[in-house]
1. Please find, among V18, V104, the residue that is of a type in the set (V, I, T) and over 23 Å from I233 (Cβ atoms).
2. Determine the pairs where a residue that is touching a residue at least 12 places away in the same chain (Cβ under 8 Å), located within the stretch 103-115, has a partner that is part of a loop (DSSP other than H, G, I, E, B) with Cβ atoms under 6 Å apart, the partner being 6 or more residues away or on another chain.
3. Select from the stretch 193-219 the residues that are among the small types (G, A, S) and closer than 15 Å to A51 by Cα and list them in ascending order.
4. Which residue is surrounded by the most Cβ atoms within 10 Å (Cβ to Cβ), if the candidates are limited to the stretch 17-29 and must be small (G, A, S) and modelled with pLDDT of 95 or more?
5. What number of residues in the stretch 30-62 are surrounded by 16 or more Cβ atoms within 10 Å (Cβ to Cβ), under 18 Å from the mean Cα position of the chain (by Cα), outside any loop (DSSP other than H, G, I, E, B) and not polar (S, T, N, Q)?
6. Checking the conditions here, which among V140, V111 is of a type in the set (V, I, T) and modelled with pLDDT under 90?
Amino acid sequence: MAQLQPTTLRESAPYPAVRAQGLAKHYGAGETAVEALRGLDIEFAWGEFSAIMGPSGSGKSTLMHTLAGLDTASGGKVFIGGKEITGLKDAELTALRREHVGFVFQSFNLVPTLTAEQNILLPSELAGTSVDRAWFSNIVSVLGLEARLAHKPSELSGGQQQRVAIARALLQRPDVIFADEPTGNLDSRSGAEVLALLRRSAREMGQTIIMVTHDPLAASYADRVILIADGAIAGERREASPEEILAALGSLGA
């Protein structure tokens, strides 16, 4: 199998890849207010694969969306690298995400009228940036998509569609990839392939992966599992087995 090549020496950076200080998120007001995040302090290191887990309604998805700048914080600060993103104007935030952040979602978000290759290249075309064809070929080879580039999403399996989505996220060489239930719509074999690829991108490319999942088996691929309950950090596990993760979730009432 082809080898992923490191893109930068991110590990030498003097600051974490992603950091939150006193991060809070509130919905509504008065008696109906919901406190989704309660002043969280958390850091994610360069080249680390982290999974965020917790019971339904714990705030895990809100945390990821706020860290990624997809949702605004009610209080506190979020940094991507050394750049604070809380308070940025929409255009500045869009530019920062385009240059430094990749996303992999459960729903794939592929354009049905475009081929796999066109879907992978779409962000570069929208940004008006040139494509490193050697890097493109490397990614496609690693993901086993060479024979599927001319196919449209309807002609691809779920696992192949998710690999296209990952290729799209990797092409821009982002510092951080946020993955929201990336295996939720996949069978067990395809899911395992996707998780292994995310782990490789962290270990071989030094990219930081932050994944929300409800699946202990998926979380076991991560270097670190962060447990969330009632909008607060409830603990973490490192290099944990699915059984250990399930037990930790059980202690939270998940």
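1. V104
2. V104/P182; Q106/E181; Q106/G184; Q106/N185; T115/A150; T115/K152
3. A196, S201, A202, A218, A219
4. Here the answer is A20.
5. 7
6. Among V140, V111, only V140 is of a type in the set (V, I, T) and modelled with pLDDT under 90.
The values are calculated or read from the model by the stated rules, or taken from the named source; none is laboratory data. Keep in mind that this is a model prediction, so the values were computed, not measured. So basically every Cβ, Gly included, is an ideal-geometry build from the backbone, and we count neighbours across all protein chains shown.
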